[in-house]
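Everything below concerns the one structure shown next.
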Amino acid sequence: MTNTLDMTQTELRDINSTLQAAAKAQANAEYIITNPRGSHAMACGLDGPLDVTIQGSTGYYCAGMNKEATVTVKGSAGPGVAENMMSGTVTIEGDASQYAGATGHGGLLNIKGNASSRCGISMKGIDIVVHGNIGHMSAFMAQKGNLVVLGNAGDALGDSLYEARLFVRGTVKSLGADCIEKEMRPEHIEILKELLEKAGADAKPEEFKRYGSARKLYNFNIDHADEY
Amino acid sequence: MCGIVGLFLKKDELRPKLGDMLTDMLITMTDRGPDSAGIAIYGDETGGIKITVQSDTPETAFADLDADLCAVIDGPVTIKSISTHAVLTVPAGSEKAAIAFLEDKGLRIMGSGESMEIYKEIGLPKDVAARFNLREMGGSHGIGHTRMATESAVTTMGAHPFSTADDQCLVHNGSLSNHNQMRRVLAKKGVFTRSENDTEVGAAYISSRIADGATLGEALEGTLKDLDGFFTFVTGTKNGFGVVRDPIACKPAVMAETDDYVAFASEYRAFADLPGIDAARVWEPEPATVYFWER
């Protein structure tokens, strides 16, 4: 059964309480939220299997801390969508604003449009697929997980990167400190193929380049002592 | 924080609704800036220059003000007073003398121009909007601001928009870190500001560049090089408005365009009541990129 909650009739806190309780109940329920009107913190903190569709655009921190739930936004999402996601799937049909998927530990963030600056900043295991472009400083200090970009990347991609994998099909305006292009080996093609399929992305893994950490910042380099 | 809204109408038949649409947008941004609010509205041109002034004691300050000003500039003056603000219309060419007289009388100058009027006060955006009947105002375009003060005191003069030249104004979300230095640089050129506020320096910088012959686009480009700090700027001119964000772009911004209007806001929430928003093109302006719309 699909439940519909209308944000012109129900307060945001009540909607989130209802969704959080339904997620905890482990009943795989389906919810449709109408008239979101760009509200903040929608469908955040869901801790269990639940299917939520938001019929419109959302504001800050939609689907934050998501665990197991599937959240779909039928519009654009404001800053910090799916921040610190643990698992589950968050899909944005439109664009995502800055720091989408920041610090995410797991799950899939699927952005059908563009993502702006700082996408995947400090990501810790999440998979992010962006069908359009991403802005500057994306994957800054990204530790683990995969960031897949079908379009172009802005300035300073992967600055101070740890072990996250970055796959970009288009151009990269510039690479950040310690981020380099790396060889695309068969195991990377496999990972990418699976992610593209999961995200419903119409692209071939062979069209992408892989970027990763040069690992030069991991240890103090005595030759740089004069620079401090 | 702070909230910014802007609306540029492409169709004349919407002009009577400008104030109503902008007021909804402004009030939605209350939790980004609850301490003051302001709006610059570009309305009908009267052939003269409109000077918007503010007084904490409007009953006495505005009584006979038009007659007194008329005697000083030796020309016709009309006055429209709304709450703490009054708009005086004087013949073009006499505005300098008029502003000097009004400042001498202790009135605060909000701005001047052929079409621009500025209304700003401390208080919640809904109260500021009600005080000035913003909903009833018509015009071709307007920009508004809800303030959460960081760089200077919560006063009428610290509220946005800031106007530093005829028909030009600026609203800002962010903070400038080199505003004192820039204030001194501008003062050496004879460009002065009326408050301690950082944004007013940004406005004066843009006005000064335009006065030196730069286009609006070039002046906005200049902010990226010469102003240090965080900013999303929306600047209004007689013919339109412009948007620029600093290269780091951590202050939010979203834009929407339909056949009827171009709208700007700090957050999508401010667009929720705009007609046709579901079918509008909605996007986030790129960092360090100048956008402007002019008629």
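Neighbours of B:Cys169 by Cβ distance under 11 Å: Lys/Arg scored +1, Asp/Glu scored -1, total -2. Max-minus-min Cα coordinates of the range B:45-114 on each principal axis give 28, 23, 16 Å, with the largest extent listed first.
In this structure the amide hydrogen of A:Cys62, modeled in the peptide plane, comes within under 5 Å of the amide hydrogens of A:Ala41, A:Met42, A:Gly78, A:Val81, A:Ala82, none closer than 5 places in sequence on its chain. Per residue, chain A reaches -3500 deg cm²/dmol at 222 nm when only DSSP H runs of four or more residues are counted, each adding -39500 (n - 2.57). What angle, in degrees between 0 and 90 and rounded to the nearest 10, separates the Cα long axis of helix A:12-24 from the longest principal axis of the Cα atoms of chain A? Helix A:12-24 sits roughly 80 degrees off the main axis of chain A. Near A:Val149, the amide H atoms lying under 5 Å from its own belong to A:Val130, A:Phe167, A:Val168, A:Arg169; only residues 5 or more places off or on other chains count, and H is placed 1.01 Å from N. Between the range B:150-195 and the range B:23-46, the alpha-carbon centres lie 18 Å apart. Once the Cα atoms are used to define both axes, helix A:186-198 deviates from the longest principal axis of chain A by about 20 degrees. Quick check for me: using +1 on Lys/Arg Cβ and -1 on Asp/Glu Cβ, what's the dipole size of the range B:45-114 about its Cα centre, in debye to the nearest 20? Roughly 140 debye, rounded to the nearest 20. Other residues whose C-beta falls under 12 angstrom from the C-beta of A:Ser138 contribute a net charge of 0, scoring Lys and Arg +1 and Asp and Glu -1. Judged by the ratio a/c of the largest to the smallest principal axis of the C-alpha gyration tensor, the range B:50-206 counts as oblate, that ratio being 1.5 or greater while a/b is no larger than b/c. In the range A:123-228, the convex hull through the Cα atoms has an average projected area of 6.8 nm², a quarter of its surface area.
All alpha carbon pair distances within the range A:2-227 were sorted into 10 Å bins beginning at 0; the resulting P(r) in whole percents reads 9, 35, 32, 16, 7, 1, 0. By DSSP, the beta bridges lying fully in the protein assembly as shown are antiparallel in about 65 percent of cases. Mean sequence separation of contacting Cα pairs (under 8 Å, at least six apart), scaled by the length of the range B:45-114, corresponds to a relative contact order of 49 percent. Residue by residue, the range B:117-133 carries 3J(HN,Hα) couplings of 10, 10, 10, 8, 7, 7, x, 5, x, 5, 6, 5, 4, 5, 4, 9, 6 Hz when phi is fed to the Karplus relation 6.51 cos²θ - 1.76 cosθ + 1.60 (θ = phi - 60°); x denotes Gly or Pro. Other protein chain C-beta atoms within 10 Å of residue C-beta, averaged over A:32-41: 3. Seen from B:Ala279, the other residues with C-beta closer than 13 Å to its C-beta sum to a net charge of -3, counting Lys and Arg as +1 and Asp and Glu as -1. Where in chain B are the DSSP H helices whose alpha-carbon span along the long axis reaches 18 Å or more and whose Kyte-Doolittle mean is at least -0.5? Membrane-span-like by this rule: B:198-211. Neighbour counting of Cβ atoms within 10 Å sorts the residues A:Ile33, B:Ile27, fewest neighbours leading, into B:Ile27, A:Ile33. Computed on the Cα trace of the protein assembly as shown, the radius of gyration divided by the Kirkwood hydrodynamic radius gives Rg/Rh = 1.04. The ranking of A:Cys119, A:Cys62, B:Cys2 from fewest to most other beta carbons within 10 Å of each one's beta carbon is B:Cys2, A:Cys62, A:Cys119. Result for chain A in a Gaussian network model with C-alpha springs under 10 Å: among A:Thr58, A:Thr70, A:Thr171, the largest mean-square fluctuation is at A:Thr171.
The separation of the range A:105-131 from the range B:88-140, counted between C-alpha centres, amounts to 47 Å. Annotation note: trypsin sites (Lys or Arg not before Pro) in the range B:79-171 located in DSSP loop regions with a Cβ neighbour count of at most 16 within 10 Å are B:Lys105. Shielding value for B:249-258 is 3, the average number of Cβ atoms from other chains within 10 Å of each residue's Cβ. Panel order for B:Leu9, B:Leu274, A:Leu192, by other beta carbons found within 10 Å of each beta carbon, from fewest to most: B:Leu274, B:Leu9, A:Leu192.
We did not get these values from a lab; they are worked out from the coordinates using the rules stated. These numbers come from a predicted model, not from an experiment. Note that each Cβ is placed from the backbone with ideal geometry, even for glycine, and that neighbours are counted across all protein chains shown.
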